[in-house]
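Structure first, then comments.
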Amino acid sequence: MVARIGLTSFGGGVSGWMMRVVVHEKRWMTEAEFLTGLALCQVFPGINVLNLAIWLGHKLHGGKGALAGALAMLVPPGIVLLLLALVFTDLTQYGWVSRALDGVAAAAIGLGAQMGVRAAQRAATALLPIVIMVATFVAIGLLRWPLVPVVLVMAPLGIALAAWRERRNAA
């Protein structure tokens, strides 16, 4: 499954497709579990989709699954990349190649946006989480503030809010 996703995904949108397969088609985990894992994988350094493949593999099949997830995301696409590099210089002279890549990029953006909207809907459970989401979007997307300082402020704020709500609901 991961090798198929790795082989057929270009320019992003891989995590959106992974969610579609793992949650909606195969029903191996709930959407909440997947989005929690995705959030965790985005915090770790490295390539988010590779982290996600490793996390999914580990969650479903332990250490061997984690290794299989990593190899499936690296080896098949790596082979395709090498083959494409061999012929790409000859293809760049054709306008249809550029248009095709624009179409692939648009589809990847759509997949990413769909997953982002689902994640936002799940997180938008009260006014404060919505304020944190909007403030983060405005700071990074509109004001163009650096990602790391914004995350270093907003992530602890979101974690503290979730912990407070958890304690309040448990009491």
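Of note:
- Check: region 5-120 dipole with +1 on Lys, Arg Cβ and -1 on Asp, Glu Cβ, in debye: 260 debye
- Ratio Rg/Rh [Cα only; Rh per Kirkwood] for region 2-94: 1.04
- Chain lengthening between A135 and R167 when straightened (0.36 nm per residue, less Cα-Cα): 9.1 nm
- For region 106-171, alpha-carbon Rg and Dmax in angstrom: 13.8, 47
- Between the residues T92, H58, V43, the greatest Cα displacement towards the positive end of the dipole of region 2-94, with unit charges on the Cβ of Lys, Arg, Asp and Glu, is found for H58.
- Rounded tilt (10° steps) of 95-123 against the dominant C-alpha axis of the chain: 20 degrees
- Over region 4-163, relative contact order from alpha-carbon pairs under 8 Å, at least 6 apart, %: 24 percent
- Residue order, fewest to most beta carbons within 10 Å, for R167, R122: R167, R122
Here, each number is a calculation from the coordinates, and none is a lab measurement. None of these values were measured; they are calculated from a predicted model. When we count neighbours, we look across all protein chains shown, and the Cβ atoms used for this are built from the backbone with ideal geometry, even at glycine.
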